[in-house]
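A quick write-up on the structure given underneath.
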Amino acid sequence: MKAVSILGATGSIGASALDVIARHPQRFRVSALAAHRKVDELVALCVRFRPDLAVIADSAFEHALRDKIRSAGLSTRVASGDEGLREAAVTGDTIVAAIVGAAGLDSTLAAARAGKRVLLANKEAVVMAGALLLAALQRDGGELIPIDSEHNAIFQCLPGRRTGLADAGVRRVLLTASGGPFRGYARAQLATITPEQACAHPNWVMGRKISVDSATLMNKGLEVIEAHWLFGAAPEQIDVVVHRESIVHSLVEYVDGSVLAQLGNPDMRTALAHALAWPERIEAGVPALDLMKIAQLNFEAPDRQTFRCLDLAYQALAAGGTAPTILNAANEIAVGAFLERTLPFLAISELIESTLAAIPSVPADSIETLIHADLTAREAAQRIIRRAFC
């Protein structure tokens, strides 16, 4: 029986992972659950799954969590903060890394250094520290399986143990994008977009930050950088295609002309079930794909003039070093400001571009360098917002 720790247990990825786990009590048990601030939701999950450890990331809520765990009659240990997240990351055999944003980097690296199987939803950890994360996995015997639907699809379409594209006869990988809620919009139509509109994704149920990233196409830009590290793909080997139905989750094109694609209904439980049981296959609770009902699948090129974040991500990948960290930090500040209604939707890409221009990239040779670049970029982005929009 595999012991599974879920970092980000109260989010949409966490809920999907726990749904799959609950379907297979003979295969999996929950060893640790971690959440940001949702104490009541975390306690309810602890009552249901009886983990060894419960972690609340915001230490201000530790006492409340401890009291409610005790009142529920549970023997679950309680921890908080970065130290608690690191403890959760090394508890159990398999770690679902689903903390949103740069906040998930430290715990993901801790799991890699402990030789765990890391089921990675936190793309920012790879964007910021891809080389360091992969080095830790290789050095300490860990294993990484992506659970983003796109990267999991590529993982499924590659042969054998996925160590890179060079010896596999792969010409390129194609990441599919739904296009978000504003596919087909002209730039002028985006001037008055609200957070509610940006978070209304047509196909997927996601958190607010990743929903905005989908609406700007930054989510796909981050996935391009992630694909570079996960699969050893050069930037010119990674393409993006808009596929509004979200049925084809990604494709791999081989040099002989073959194109392999992974299809399925838009439900994260498919990727999670695949990663939890890999190399076996288990029931995920996802309805079978009815091709006759779908009837038609559509593909088109992304509108890079209107949705400029995708090109900014390619530029950061080409620049290398700390540029992807700067990109990610500026994006997190920009999305947060947009959700707080202090930054217009169209200004998200403008803020990211200005931040990238303001901070030179340096070699990303240590975690300390990456943390410094992250903090510097956040401070610069906040200064730009105050100067231009306040």
Could you tell me whether the stretch 218-234 includes any residue that is over 25 Å from Ala334 (Cβ atoms), touching a strand residue (DSSP E or B) at 6+ places or on another chain (Cβ under 7 Å), of a type outside the set (Val, Ile, Thr) and not in a helix (DSSP H, G or I)? yes
Filtered residue count, the stretch 20-45, keeping only those that are surrounded by fewer than 17 Cβ atoms within 10 Å (Cβ to Cβ) and in a helix (DSSP H, G or I): 4
Being closer than 18 Å to Ala334 by Cα and touching a Pro at 6+ places or on another chain (Cβ under 6 Å) is the filter here, so list the residues in the stretch 180-216 that pass it. Ala215
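Mind checking which helices (runs of 4 or more DSSP H) fall wholly inside the stretch 62-160 and carry at least 3 residues that are buried (at least 21 other Cβ atoms within 10 Å of the Cβ) and in contact (Cβ under 8 Å) with a residue 24 or more places away in the chain?
Here the list reads 81-89, 105-113, 123-140, 149-157.
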I need a count of the residues in the stretch 2-19 that are more than 19 Å from Ala277 (Cβ to Cβ) and either in a strand (DSSP E or B) or touching a Pro at 6+ places or on another chain (Cβ under 8 Å) (or both). 1
What number of residues within the stretch 218-258 are closer than 10 Å to Ala177 by Cβ, in contact with a Gly (Cβ under 7 Å, 6 or more places away or on another chain) and surrounded by 19 or more Cβ atoms within 10 Å (Cβ to Cβ)? 1
May I ask you to list pairs of residues, at least six apart or on different chains, whose Cβ atoms are under 7 Å apart, with the first in the stretch 168-189 being hydrophobic (A, V, I, L, M, F, W, C) and the second being at pLDDT below 90? Ala168/Pro159
Restricting attention to the stretch 359-390, the residues that are farther than 22 Å from Phe307 by Cβ and part of a helix (DSSP H, G or I) number exactly 17
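Tally the residues that are assigned to a helix (DSSP H, G or I) and surrounded by 12 or more Cβ atoms within 10 Å (Cβ to Cβ), restricting the search to the stretch 278-335. Talk me through it step by step, then tell me what you get.
Going through the stretch 278-335, the residues assigned to a helix (DSSP H, G or I) turn out to be 291-294, 309-319, 323-335.
From the residues that got through so far, the ones that are surrounded by 12 or more Cβ atoms within 10 Å (Cβ to Cβ) too are 294, 309-317, 319, 323-335.
Residues flagged as assigned to a helix (DSSP H, G or I) and surrounded by 12 or more Cβ atoms within 10 Å (Cβ to Cβ) within the stretch 278-335 amount to 24.
The values are calculated or read from the model by the stated rules, or taken from the named source; none is laboratory data. Owing to the predicted nature of the structure, the values given are computational and were not obtained by experimental measurement. A quick note on method: Cβ atoms are made from the backbone with ideal geometry, for glycine too, and the neighbour counts reach across all protein chains shown.
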